[in-house]
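Written below as structure tokens is the structure these notes are about.
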Amino acid sequence: MKLKAYILTRILLSIPMILIILTIVFFVLRVLPGNPILAMLGPKAPPEVVHAMEHQMGLDKPIIIQYLVYLSHIAVGNFGTSTYTSLPVLQELLQKFPATFELTLYSMVVAVLIGIFLGTYAAYNFGKTTDVFARVYSIFVYSFPVFWFGIMLQLVFGVWLHWLPVSGRSAPFMIPEHIYTGIYTIDALLNGNFEVFIDAVKHLILPAVTLGIVISSIFVRMVRSNVLLSLSSQYVTAARARGTTEKKVLFKHALKNAMPPILTIMGLQFALLLAGAILTETTFSWPGIGNYLITRISYRDFPAIQGAIVFFAFFVAVISILVDIINAWIDPRIRY
Amino acid sequence: MLKRLGLFFFSLLLLVSFSSKSFAVSKKSYIIAGTTDKITSLDPAKAYEYFSDNILQNIMGGLVKYIPGTTKIVPDMAESWKISKDGKVYTFKLKKGLVFSNGDPIDAKVYEYSMKRVIKLKQNPAFLLADVVKDVKALDKYTLQITLKYPYSPFISILAFTISYPVDPKVYPADKVYNGLPVSCGPYMVKKLVRGQEIELVRNPKYYGKKAKTPTILIKIYREANNLYMALKGGEIELAYRTLLPQQLEQIQKDKNFKTYIGDSPFIREIVFNAKSKQFSNPRLREALSYAVNRAQIAKEIFKGQVNPLYTLIPAGMWGHKDVMPHYNINKAVAKLKALGYTKAKPLSITLWYSPSHYGSTESDVALMIKNQFEKTGLVKCNVKYAEWATYVDYWTKGVMGMFLLGWYPDYFDPDDYMWPFLETSASPGMGSFYSNKSMDKLLIKARAVSSVKERTKLYYKVQEMMVKEAPYIPLFQGQQQVVAKPNIKGILMDPVQIFRYYLLSK
Amino acid sequence: MINNVVVVKNLKKYFPLKLPWLEVVLKKEKPVVKAVDELSFSIKEGEALGLVGESGSGKTTVGRSIIRLIEPTSGDIEINNTNIVNLKNEQLRQARKEFQIIFQDPMASLNPYMTIGKSVMHPLEIHNIGTPKTRKEMVLELFRRVNLIPEKEFFNRYPRQLSGGQRQRVVIARAIITNPKFIVSDEATAMLDVSVRSQVLQLMLEIKKEYNLAFLFITHDLASAKYICERIAVMYLGKIVEIAATRELFENPHHPYTKILMSSIPVPDPNFKKEKIIPKGEIPSPTNMPTGCRFRTRCPYVKKECEEIDMNLEDLGDGHLSACPFFK
Amino acid sequence: MFSQKIGKNIKQLMGDSSGVMFLIGLVLLVMFILMAVFAPYIAPYSPIKPSGAQLLPPQSGHIMGTDNLGYDVFSRVIYGSRMAFSIAAIATVIAAAVGIPTGLIVGYVGGKLDSIVTMIMDSVYTFPGLILAIAIAAMLGQGLINISLSIAVVYIPTYYRVIRSQVVTIKSELYVEGAKAIGAKPKTILSKYVLPNVLPSTIVVLSMNIADAIMTEAGLSFLGLGIAPPTPDWGYDLSKGQQFILQNDWWLVVFPGLAIILIVLGFSMFSEGLNEYLNPNIGEKR
């Protein structure tokens, strides 16, 4: 099967996933108590206004109709209007998304770096101290609640040492002048403003390290077992026999060949990373989609909640498609 | 290699943490404030919670305004006004040459457009105008006539509220809430708004009144009290307004690097009983419970003395306030509960509801403390339940909850706003109490129509005395406004109407 | 006159070919693999019919579809005068006590979490034969018969605690406990050690005689088939190419394929020289079957006409049928 | 003979590190179970009544200090184990009760039903569990059952997938075909032939899942979507404690956090060891 057809299949297959998540959330939200109109208008709103509003938002129609209408809107990228701010939900989400993306991106970098180095070294020193450390590390860190670990880092680096800011994305006046990507570290560099860049990095360190370390437990384990596997394979033996240096053996041959499964796992862990991102965003007041979701839940801002979750589903789908495509591109056997 | 990499990251960390603490906050040209409040909308037709309104109060103005630091209403964009004898027709003469920040003129037509727009859009606060205003008409370019449905003496206060502010008809659509950057007509204008992060106010050069003292105000928006506190302590912000935790405020009051300003707030908290519910329909039971509530303990232990116990619905400091409700007396509570037939073996079993985030993170503590106070009688078994705000609103309007915590922030500065919505038959369902009493209604209507403050005070005394007998509410406490700032910040005004005026700040 | 216990007519089993969904959607005709194509044969009471062929010839599919473990695409299967193709689920389930199957891998055919006693007793419970008391007795007696002694100890053992030969005896016991009329043996001895194999073959032969069973003996090993079977059918790519009494087939093989198979039997006598006919090339892919005679691509005697013939069995007399019209 | 077997097993377990892990995990779990069962005897105070001054640092009488309402932190940590266990247990039981039979039946029946159900389950599985749980919990509201339910929904696919994939393999095993051949009903085949072969791996997934469920519950409570106070709950106490972290009241955060870590550690070590022992071939957890 050709790569293009594979990509097409993969994309088509992810549509049901988004649809199913959307459906679950839609019905869960609608079936349960709580009146979004009242939440929006306040209890003082006269009943006829409430009814008019319900009518305007289509909440008086049968739930199936509402569902179909919602689907047709989503299909054309209309996520509805927030009942809390009256802003288009998509616009709000797109504004929040770069923050979440920046956080997850750097967390992933932290996790991958720790995972690759610790995992590879552990595999290389199989059974020795490094290895034992790596295994204990991954088991321990896996048990850390993200938010707890975040609080601890805040306590140490923010409250006690005063090294790093404990919350938010930027200091006052440190939002990049021109927003291109919404990712502050990149925008600051594009603006050529090094001060803003440093500020963005400072704000990123604690949340990204928190999330990165917690996720890294899985990477360490995966990298270790995959590198172990490829260290015992014939091409590594062959490379050694040719007199390749150990460092080259380790990073060029063993790690390279262990990469496809690691990549796949990275893709799978992305969901975990996103879930962690919500807790991290809450802990560090990071103004991303997670924070947005949690805030809007208390206002029962249906369009916003649904929007955020659909957005997450999209994000997960896109990432897993990307990972699959990269994998298929690296290893043609995966296509079938 | 690992070592080298580690060293690299460590030095990067050091570099990043020690370099560039030097962003230019020391310049006189701006003040950086911080808050935990959130902005919903800056369209006067929709804005209806403290922070959005407060921003509007700094970037816009209306026909009338309060003299800063007082509750006295004076003309603002109006030059003068007349009220007809029957109290139904208000005629305003506008000042000439008024313009919005974009240069568009402000005239009577603009006001007509704005007020009609509010009523048409039917957003959250629209009822303030819609309920009483019959018609708005620009008689000529500078004359505006507002006709009411019935004489309503607090109406002039409503005109000082954000709902009555003029909007630019060229920018604000007539049939939709406007979401862009506001067009201002006040001391400041919004230069930048990054939701959930910060809002930047700059001086409005076209403002007709006194220019704002500081060219730029940056308000950083924090998610939690902790973040706000941290930012304040770390020097990121120079002023924190709404809302630190009581413990944090207590600590910072001892800190010589900061100055704390405390003032009364018209914000009140109360327990609401659903008078229609089976369990709480008996006024004697409600009375018995009100004896069990120890407001002083709540004020002291949860709020560190930063709120004041309140024994009526009208806040202290406002005319009409009368201390009427029973004070804490556990023996009386026990006696009254016993008289109602409750014993240790057969205790009264009730549920107290609260909403966890709407009134800040202290709310669950308040609920738990009240539960413990009820249970201290030994004759009550009190459950505590919570619901998120939207569900909470739904529950109380549907009468699901029998007893719950609620708060009230006035729309206009008049005792009517503390009495009518709570006690009048058509209004009380909105408060979840469903309280109804015909003689009470008569008193309340009368108090609206009369314009003499003396007369009205008498009437409200009567209302409050009647309320004690029925006890549909247990008022708990009255809030404070608290501002913490660097000592060099001047112009912080503790306003009785709790309008925080950023435009008076300077350093 | 001895009754036919099993009569199979025109049995077909086609498997749909798995393709990527895109191609499935685009193609009108769904390609199939013709694993079993128009097979007909019968087995008499007390008779064993051998079904031999290379792996991939479809003989296992025959064994499974004949007792409807997999659904045949079409055809009639009469067992004990009942056409089991038409039976509904529940009827079929009840009819199953009349015919049983012995699989190749005895370890895999026993539930690892069930003692072998329970495993053998289970068919009795399913078909409600005997009472709970007598069932155990029946099992123990059968254990003695198949030489699983001490039988009481064996009763409570798990499959993993048995040797391969013992396991296959358990499987045989389970197959005959309901007193069936017909048993399919699917390479039942293929995975056993040579030493054990003959014992198990012997047991099967005895059982066949004692119970007067009809036996379908599927194997790729002509020697085993010769040992047990009265008649043998040779299969190639889903078709029977030749069928005859065992002796007749061995003495007088007619179809070129049979000849080739014969030549591959190891012969104990090193001096016995045999004409070696080795088939050319690989066995063709079943998805891309040759037209005409399916064997023609590998037949040493292939002619031009082979492209056009139907592979119909022709009677050569005395029940010896062959599908090659040319080769004499 | 039996004791001999156990001795051999322990030796086998202790032989490599997974055995040590298993034992540490077991000890931790037993500790927490005892804590939950005997909470009233261990805890010095009621966890839902003030028992001293507010915000006392750890000291004799309050070895983990008190919180902002004067509740004893130690007592709340002890009682918190009850909440953790109950929610995790209820959620896991619900998830297993739905996921296992669904996996069994769908896996066995196969065909279109299989493709559809598997697609639904996979969708839920790939979606970040916590986020889904947040959405459901937020809407269901507080309460033991509601929270357990929202967590359960997230874990149903985990069971379904494990069971289904094994059923699909086991279905083609000869002994299942054999059972069909002897005329066993599908119900009998599922319960007597398929299920027993699936159970060992299910037990491992179960114990891994409890760890995850405890973590998810803590996350939900931390976000304020969990159990209503004053019921002792680690996640809630943590989020409450975070408010006071700037006043250096570290004990409010450290102790409930450690409790979560240790119980999750206990479960994951236990299940990891169990996994290696029962079926070395079963793959990754989420």
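Listing for the model above:
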read-out: Residue match in region D:110-130 (condition: under 24 Å from D:Gly235 (Cβ atoms) and among the aliphatic types (A, V, I, L, M)); value: yes
read-out: B:Glu301 being part of a helix (DSSP H, G or I), touching a residue at least 12 places away in the same chain (Cβ under 8 Å), of a type in the set (D, E, K, R) and within 14 Å of another protein chain (Cβ to nearest Cβ); value: yes
read-out: Test: A:Ile205 is in a loop (DSSP other than H, G, I, E, B) and more than 14 Å from chain D (Cβ to nearest Cβ); value: no
read-out: From the options D:Gly183, D:Gly107, residue that is out of contact with any Phe, Trp or Tyr (no Cβ under 6 Å at 6 or more places or on another chain), over 30 Å from A:Ser298 (Cα atoms) and in a loop (DSSP other than H, G, I, E, B); value: D:Gly183
read-out: Matching residues in region A:273-288 - criterion: being within 7 Å of another protein chain (Cβ to nearest Cβ) and under 18 Å from D:Gly235 (Cβ atoms); value: A:Ala275, A:Ile278, A:Leu279, A:Thr282
read-out: Qualifying positions in region B:246-268 - closer than 18 Å to B:Leu405 by Cα and either in a loop (DSSP other than H, G, I, E, B) or open to solvent by 10 Å² or more (accessible area, probe 1.4 Å) (or both); value: B:Phe267
read-out: Those helices (runs of 4 or more DSSP H) lying entirely in region C:159-268 with at least 1 residues within 30 Å of C:Tyr14 (Cβ to Cβ) and open to solvent by less than 40 Å² (accessible area, probe 1.4 Å); value: C:164-176, C:222-228, C:246-251, C:256-263
read-out: Given (1) closer than 30 Å to C:Arg64 by Cβ; (2) away from every other protein chain (no Cβ under 11 Å); (3) under 18 Å from the mean Cα position of the chain (by Cα), index of the condition D:Pro200 fails; value: (2)
read-out: Residue pairs meeting the criteria (Cβ under 8 Å; at least 6 apart or on separate chains; first without any contact (Cβ under 8 Å) to a residue 40 or more places away in the chain, in region C:51-75; second surrounded by 17 or more Cβ atoms within 10 Å (Cβ to Cβ) and in a strand (DSSP E or B)); value: C:Arg68/C:Ile77; C:Leu69/C:Ile101
read-out: Those residues of region B:339-395 which are among the basic types (Lys, Arg) and either within 14 Å of chain A (Cβ to nearest Cβ) or surrounded by fewer than 20 Cβ atoms within 10 Å (Cβ to Cβ) (or both), in sequence order; value: B:Lys344, B:Lys346, B:Lys376, B:Lys381, B:Lys385
read-out: Within region A:156-177, considering residues that are at pLDDT below 85 and over 17 Å from A:Leu103 (Cα atoms), the one nearest to the other protein chains (Cβ to nearest Cβ); value: A:Pro172
read-out: Residue count, region B:396-412 (criterion: part of a loop (DSSP other than H, G, I, E, B) and open to solvent by 10 Å² or more (accessible area, probe 1.4 Å)); value: 8
read-out: Check on A:Phe101, in a loop (DSSP other than H, G, I, E, B) and either within 25 Å of A:Val166 (Cα to Cα) or in contact (Cβ under 8 Å) with a residue 24 or more places away in the chain (or both); value: no
read-out: Whichever residue in region B:118-139 is within 14 Å of another protein chain (Cβ to nearest Cβ) and not hydrophobic (A, V, I, L, M, F, W, C) and, among such residues, is most open to solvent (accessible area, probe 1.4 Å); value: B:Lys120
read-out: Subset of region C:101-141 [part of a loop (DSSP other than H, G, I, E, B), open to solvent by 40 Å² or more (accessible area, probe 1.4 Å) and hydroxyl-bearing (Ser, Thr, Tyr)]; value: C:Tyr113, C:Thr131
read-out: Condition met for A:Lys96 (open to solvent by 20 Å² or more (accessible area, probe 1.4 Å), modelled with pLDDT of 80 or more and among the basic types (Lys, Arg)); value: yes
read-out: Number of the exception - D:Met121 against (1) within 15 Å of the chain's Cα centre (by Cα); (2) within 10 Å of another protein chain (Cβ to nearest Cβ); value: (1)
read-out: For C:Val62: the one exception among (1) within 24 Å of C:Ile283 (Cβ to Cβ); (2) within 9 Å of chain D (Cβ to nearest Cβ); value: (2)
read-out: Members of region B:396-409 that are within 18 Å of B:Tyr435 (Cα to Cα) and either touching a residue at least 24 places away in the same chain (Cβ under 8 Å) or more than 9 Å from chain A (Cβ to nearest Cβ) (or both); value: B:Trp396, B:Thr397, B:Gly399, B:Met401, B:Gly402, B:Met403, B:Phe404, B:Leu405, B:Leu406, B:Gly407, B:Trp408
read-out: Region B:145-166, subset touching a helix residue (DSSP H, G or I) at 6+ places or on another chain (Cβ under 8 Å) and more than 27 Å from B:Ser41 (Cα to Cα), residue modelled with the highest pLDDT; value: B:Leu148
read-out: Some residue of region B:266-276 being under 27 Å from B:Tyr359 (Cβ atoms), more than 9 Å from every other protein chain (Cβ to nearest Cβ), acidic (Asp, Glu) and touching a Gly at 6+ places or on another chain (Cβ under 9 Å); value: yes
read-out: From the options D:Ile182, D:Ile163, residue that is modelled with pLDDT of 90 or more and over 15 Å from the mean Cα position of the chain (by Cα); value: D:Ile163
read-out: Every residue from region A:113-150 that is open to solvent by less than 30 Å² (accessible area, probe 1.4 Å), of a type in the set (Gly, Ala, Ser) and more than 29 Å from D:Pro256 (Cβ to Cβ); value: A:Gly119, A:Ala122, A:Ala123
read-out: Condition broken by D:Tyr236, with the remaining ones in (1) within 20 Å of A:Ser285 (Cβ to Cβ); (2) open to solvent by less than 20 Å² (accessible area, probe 1.4 Å) satisfied; value: (2)
read-out: Residue list for region A:283-307, filter: out of contact with any Lys or Arg (no Cβ under 7 Å at 6 or more places or on another chain), modelled with pLDDT of 85 or more and closer than 23 Å to D:Thr126 by Cβ; value: A:Gly290, A:Leu293, A:Ile294, A:Gln306, A:Gly307
read-out: Condition broken by D:Val168, with the remaining ones in (1) within 13 Å of chain A (Cβ to nearest Cβ); (2) within 27 Å of D:Val194 (Cβ to Cβ); (3) surrounded by fewer than 24 Cβ atoms within 10 Å (Cβ to Cβ); (4) not aromatic (Phe, Trp, Tyr) satisfied; value: (1)
read-out: Test: residue in region A:218-236 that is free of Cβ contacts under 8 Å to residues at least 40 places away in the same chain and within 21 Å of A:Gln154 (Cα to Cα); value: no
read-out: Members of region A:187-212 that are in contact (Cβ under 8 Å) with a residue 40 or more places away in the chain and either over 24 Å from A:Val112 (Cα atoms) or open to solvent by 20 Å² or more (accessible area, probe 1.4 Å) (or both); value: A:Ile205, A:Val209
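The values are calculated or read from the model by the stated rules, or taken from the named source; none is laboratory data. Owing to the predicted nature of the structure, the values given are computational and were not obtained by experimental measurement. FYI the Cβ positions are ideal-geometry reconstructions off the backbone, even for glycines, and counts take in every protein chain you see. SASA here: full protein model, heavy atoms, side chains in, ligands and nucleic acids out. Shrake-Rupley method; radii C 1.70, N 1.55, O 1.52, S 1.80 Å.
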